[in-house]
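A quick write-up on the structure given underneath.
The values are calculated or read from the model by the stated rules, or taken from the named source; none is laboratory data. Note that the structure is a prediction, hence the values are computed from the model and not measured. Reconstructed Cβ throughout: ideal geometry from the backbone, glycine too, with neighbour counts over all protein chains shown.
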Amino acid sequence: MQKLIECVPNFSEGQDLNVIHQITAKIEEIEGVKLLDVDPGKATNRTVVTFVGNPEAVVEAAFQSIKRASELIEMAKHKGEHARIGATDVCPLIPISGVTTEECVEFSEKLAKRVGEELKIPVYLYEKSAKANYRKSLSDIRSGEYEGLPTKIKQAEWKPDFGKAEFNSKSGATVIGVREFLVAYNINFNTKNKDLVHEIAKEIREKGRWAKDVQGNYIFDEKGNHVYAKGLFKEVKAVGWFIEEYGIAQLSINFTNYKITPVHIVFDEVCKQAEQRGLRVTGSELVGLIPKDAILDAGKHYLQKQGLSTGVSEEELVHIAIKSLGLSDITLFEPNKKIIENLVFAQKGKLVSMDLREFANETASESPAPGGGSVSALVGSIGSALATMVANLTFAKKGFENAKQKMEQIAVKGQKLKDELLVLVDKDTEAFNGILNSIRLPKNTEEEKKARSKAIEEATKNAILVPLQVMEKCFEVLELCETVVREGNPSSMSDGGVGALVAKAGLDGAFLNVKINLKGFKDKVFENEVLAKANELSKKTNLVQSRISEFINSKI
C-alpha cells in the first residue's frame, strides 16, 4: 500500500487571486504531490487548499507554500470574517493510507520545526500533535487571534512549540498538527419536513439533544444553560435541513473520525429511525472526497449482512457500497472522482491496463520488456485468483459451514495478493527500463562516470528486489492453494491445483530474474542475502508443490 497523506492549509488571503496562485504554484512544483482543490472565500478573506501525496513530498510542499505565504501576505493589514492567527493560519496533516497517525505526528513535527527555525514563524502543535491537552483545540490556540498574539505569545503557557516566543508582525503564527479525515455526508429522505429529519439528527449526533427529567422538564446547569443528553454516535455532528434544489429534506452529517464511527453504521441506524417516524431513506450523497477504506468497509459490511464472502475484488466492494448506501441517488457517484486514493492513483500501470491479447502481443514484440519477470508476476496473480475462487466457492457450498470463516480469510488474502502481484507486473518492466536508462547516462567525465555507475547499481538492485518480491508473494499464493486443495470444495480441487502450478511457475520464473540480475553485481553481501532468501523460497516451494500434487493424485 502506498503511503498517502492529505494536507489542508488555510491561508489568510481569499481576495487576491494572484497571491493565491503564487502560493499554490509552490505546491504544484513538488513531485509526488497532487493539488486537489483551491477554495477562496472573499468574505472570510481566506483560502482553503487541499493536496495529497507521499509524506515527504507533502511536508516539502507544505513548507514551500507556508514560506511563500509568509512572503506575500501582510497580516498587519489583513481583515476578514474568519478567525485567524497568521498568514498560514492552520496546516493540518491527515493520514489517508499506508501511514499511521503516529507517523503523521512525526511529519507534523518535522514541518513545524522547519517553519519555526527557517522562517522564524512561531508554531503551535494542535489536535493529535499537541503536547498538552489545553493545546489540542484549534479555537483555544487561536483565541485572541492575530491582534492578541503579541501579548499571548509572551505568556509561559502559550510559548510556541517551535520558533521563538517573539511576535512576527508580518506572518503572525501558524498552527500545525494531525487530525483525522473529515467525511461530509448527506442522507436523503422522502419528505420536505426538515423538523422530522432534525429529530433524527438529535438522536444520532454525539452532542445529542436537550436533556429532560422524569417529569419531562428540561434540565439546566448552574449557569442556566441546557444540559445535553448524549446521542448514539461519537465523532458525529448532524443537522436536519431542507434542500430547495432537490426538493427534499436531508440529514447533513460530519464524521470527524470515521474510524470510530463508520458511515455505514450511521446509515443503517438512520434507516431505522426514519421508519419509526414514517419516513423513508431514499439514498445518500458524499460531499467532497472519502478515503477508500471507508467505502471498502461499507461494502464488506453489507456483504456480511447478506451472508456472503467478503473475499471479493475492491471493485466489487465499492459497487456494493454504492448500491447499499444509495450514493448515486441524486448525482452519479464516480469512484475515480470521489475516492481519494482512486483520484490520486487513478492511472493504472500500462501493462495491467491492457487486455489479454494486447499484453500477449506486447510481450511477443521485439521489445525486451515486458519479459519473463512481468509474466511471472502475472501468472502468480492468476494463481492467487484461482485460490480465491475455490475459497469463495467453498464458502457458499452447503456442507462446508464449519469452513466458512477460514475460506473467507483465504479469499480476502487471495484478493490482496492478486492485486499486489498485478502491481508488480508493471514494476518489473519499470525496473528493467530503469537499468536501460541508467546505462544511457553520459560518461564523458570522471564525475559523470561515477554518477552513471552508481545509478546502474541502484537500478540493478531494484531489478533484483522486484522479482524477489514476486517470489515471496507467489509462495504465499502456493500456501493458499494447498489449503483450498486439502480443505476446500473437492469439485474445485483441480482449480486449486492449477493455481498452485502457475504460482510455482511465477516463483521459478522470478527466481531466474533474480539470478540473472545478480550476475556481476558488486555488493557481495547483498548478493549472498538475496540468494539465501531466494534459495530457501525455492526449496520450500518444491516441498509444498510436491505435497499438493501427491494429495491431488491420491484423490483423482
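For the range 398-446, the candidate set comprises residues that are basic (Lys, Arg) and surrounded by fewer than 18 Cβ atoms within 10 Å (Cβ to Cβ); within that set, the residue that is farthest from Gln304 (Cα to Cα) is Lys443.
Please verify whether Ser137 is among the hydroxyl-bearing types (Ser, Thr, Tyr) and touching a helix residue (DSSP H, G or I) at 6+ places or on another chain (Cβ under 9 Å), treating the condition exactly as stated. Let's see the steps before the verdict.
Working: among the hydroxyl-bearing types (Ser, Thr, Tyr): yes; touching a helix residue (DSSP H, G or I) at 6+ places or on another chain (Cβ under 9 Å): no.
Spelling it out, it is not the case that Ser137 is among the hydroxyl-bearing types (Ser, Thr, Tyr) and touching a helix residue (DSSP H, G or I) at 6+ places or on another chain (Cβ under 9 Å).
Would you pick out the residues in the range 112-142 that are crowded, with 24+ Cβ neighbours inside 10 Å, in a helix (DSSP H, G or I) and within 25 Å of the chain's Cα centre (by Cα)? Listed by number, the list holds a single entry, Ala112.
Residue-by-condition table, conditions (1) surrounded by fewer than 14 Cβ atoms within 10 Å (Cβ to Cβ); (2) not in a helix (DSSP H, G or I):
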residue	(1), (2)
Thr483	no, no
Ser492	no, no
Leu501	no, no
Lys504	no, no
Asp508	no, no
Phe511	no, no
Lys522	yes, yes
Val525	yes, no
Val530	no, no
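For the range 238-276, filtering for residues that are more than 13 Å from Val197 (Cα to Cα) and more than 28 Å from the chain's Cα centre (by Cα) leaves 4. The numbered conditions (1) at pLDDT 95 or above; (2) farther than 23 Å from Leu72 by Cβ; (3) aliphatic (A, V, I, L, M) are all true for Ala156 except (1).
With free of Cβ contacts under 8 Å to residues at least 40 places away in the same chain, under 19 Å from Ser169 (Cα atoms) and in the same structural domain as Lys120 (by TED's automatic domain parsing) as the only criterion, which of Asn18, Asn10, Asn45 stands out? Even if it seems obvious, please write down each step before you answer.
On the way: Asn18 fails: under 19 Å from Ser169 (Cα atoms); Asn10 fails: free of Cβ contacts under 8 Å to residues at least 40 places away in the same chain.
Checking each option against the conditions leaves just Asn45.
Residue-wise test of (1) touching a Cys at 6+ places or on another chain (Cβ under 6 Å); (2) among the basic types (Lys, Arg); (3) buried (at least 21 other Cβ atoms within 10 Å of the Cβ); (4) at pLDDT 95 or above.
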| site | (1), (2), (3), (4) |
| --- | --- |
| Thr47 | no, no, yes, no |
| Pro55 | no, no, yes, yes |
| Val58 | yes, no, yes, yes |
| Arg68 | no, yes, no, yes |
| His82 | no, no, no, no |
| Thr88 | no, no, yes, yes |
| Gly98 | no, no, no, no |
| Glu106 | no, no, no, yes |
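Pairs linking a residue in the range 62-90 that is among the charged types (D, E, K, R) to a residue that is part of a helix (DSSP H, G or I), with Cβ atoms under 7 Å and 6 or more positions apart or on different chains, are Arg68/Gln22; Arg68/Ile23; Arg68/Lys26; Arg84/Glu145; Arg84/Tyr146.
Of these, Leu251, Leu279, which one is assigned to a loop (DSSP other than H, G, I, E, B), out of contact with any Lys or Arg (no Cβ under 6 Å at 6 or more places or on another chain) and over 18 Å from Lys323 (Cα atoms)? Steps first, answer last, please.
Values: Leu251 fails: assigned to a loop (DSSP other than H, G, I, E, B).
Exactly one residue qualifies, and that residue is Leu279.
Taken over the range 447-481, the residue count meeting the criterion of being modelled with pLDDT under 95 and either loosely packed, with under 15 Cβ neighbours inside 10 Å or touching a Lys or Arg at 6+ places or on another chain (Cβ under 8 Å) (or both) is 9. Within this structure, Gly311 passes the test of being touching a residue at least 12 places away in the same chain (Cβ under 8 Å), in a loop (DSSP other than H, G, I, E, B) and of a type outside the set (D, E, K, R). The numbered conditions (1) on the phi > 0 side of the Ramachandran plot; (2) surrounded by fewer than 18 Cβ atoms within 10 Å (Cβ to Cβ) are all true for Ala165 except (1).
Look at the range 332-352: where a residue is at negative phi and a partner is at pLDDT below 85 and of a type outside the set (Ser, Thr, Tyr), sitting 6+ places away or on another chain with Cβ atoms under 6 Å, you get Asn336/Ala346. Of all residues in the range 7-35, which are of a type outside the set (S, T, N, Q), out of contact with any helix residue (DSSP H, G or I) (no Cβ under 7 Å at 6 or more places or on another chain) and closer than 21 Å to Val183 by Cβ? Within the range 7-35, Val8 is the sole residue that qualifies.
Residues in the range 192-207 that are crowded, with 19+ Cβ neighbours inside 10 Å and part of a loop (DSSP other than H, G, I, E, B): Arg205 only. Only one of the numbered conditions (1) in contact (Cβ under 8 Å) with a residue 60 or more places away in the chain; (2) not assigned by TED's automatic domain parsing to the domain that holds Leu327; (3) not basic (Lys, Arg) is not met by Ile187, and that is (2). The set of residues from the range 230-260 being on the phi > 0 side of the Ramachandran plot and touching a helix residue (DSSP H, G or I) at 6+ places or on another chain (Cβ under 9 Å) is empty.
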